[in-house]
1. Hey, any idea what Rg/Rh is for the stretch 17-135, computing Rh the Kirkwood way over Cα pairs?
2. Sorting Ile118, Ile110, Ile75 on the 10 Å Cβ count, fewest up front, what's the list?
Amino acid sequence: MGTIKSLNKWANKNSYYSIDFLRVALGITLFYQGVYFMSNLPRLLELYEPIKPLIGDVFLVHYIAPAHFVGGFLIVFGLLTRWAVIAQLPILIGAVLINIIGPMDTSNLILALTVLIISIFFLVYGSGKHSVDKYLKMQQ
């Protein structure tokens, strides 16, 4: 717990608008992907064809699209950012693995790796100074 508090103090002291903009861009990207997957379910099933025997269709429909949708929304506002990122990590790791196991799509691999790296950054960094988390913490 002491490590998280020290990381939060460092993050709040070194918070810049560009990092907040990056957090919002990450959230919008994830939100967009969630909406895209919800409205385009056959495309989602096509993307996850290489690992379909491992996890099944029900997992895809009931976890991936809603997790992107809700997680992206939370990340945009900086509310429960670390929890939202933790929910995204298995999906993003799976997206990278799908490009390695299945047919390689360079643009999807670059997008998945970029989002994964930025998500890991916000898992460590937190939501930053300009977020709902910080506002609620200051109201206590």
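1. 0.98
2. Ile110, Ile118, Ile75
Read-outs throughout are calculated quantities, based only on the coordinates presented, and are distinct from any laboratory measurement. Worth saying up front: this structure is predicted, and the values here are computed from it rather than measured. For neighbour counting, all protein chains shown are included, and Cβ atoms are generated from backbone atoms with ideal geometry for every residue, glycine included.
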